[in-house]
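Below you'll find the structure, written out as structure tokens, and then a few comments.
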Amino acid sequence: MTLNKVDVGSEYRLVACNAPQATRSKLETMGLVPGERINVLQNTNSGFIIEVKRSRLAIAHDIANNLIVS
């Protein structure tokens with residue numbers, strides 16, 4: 001499932017990123033790599049607030065749609 005379809009307050013593992021290469025590279029520098037745990041903190045009108053490696057990130061809905069989690 002994609003990050004857009006997850007429940008707030010739950011933890012998931014990133015399986016893959018189907019974003020364009022430039023976006024994928026930027027996400028990887030922020031710690032979003034396959035196998036990494038993602039804690040979904042909040043779903044806002046503009047995107048998601050997630051926690052990765054003890055850092056909080058804001059991810060827009062269009063980018064979240066490219067992140068496959070389990």
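Residues that are farther than 18 Å from residue 13 by Cβ and polar (S, T, N, Q) were ranked within region 31-70; the one that is surrounded by the fewest Cβ atoms within 10 Å (Cβ to Cβ) is 45. Just wondering, is there one or more residues in region 17-29 that are in a strand (DSSP E or B), in contact with a helix residue (DSSP H, G or I) (Cβ under 6 Å, 6 or more places away or on another chain) and of a type outside the set (Asp, Glu)? Yes, the conditions are met somewhere in region 17-29.
Read the figures in this text as sums done on the coordinates, not as results from a lab. Since this is a predicted model, take the numbers as computed values, not measurements. Cβ coordinates were reconstructed from backbone atoms using ideal geometry, including for glycine residues, and neighbour counts include every protein chain displayed.
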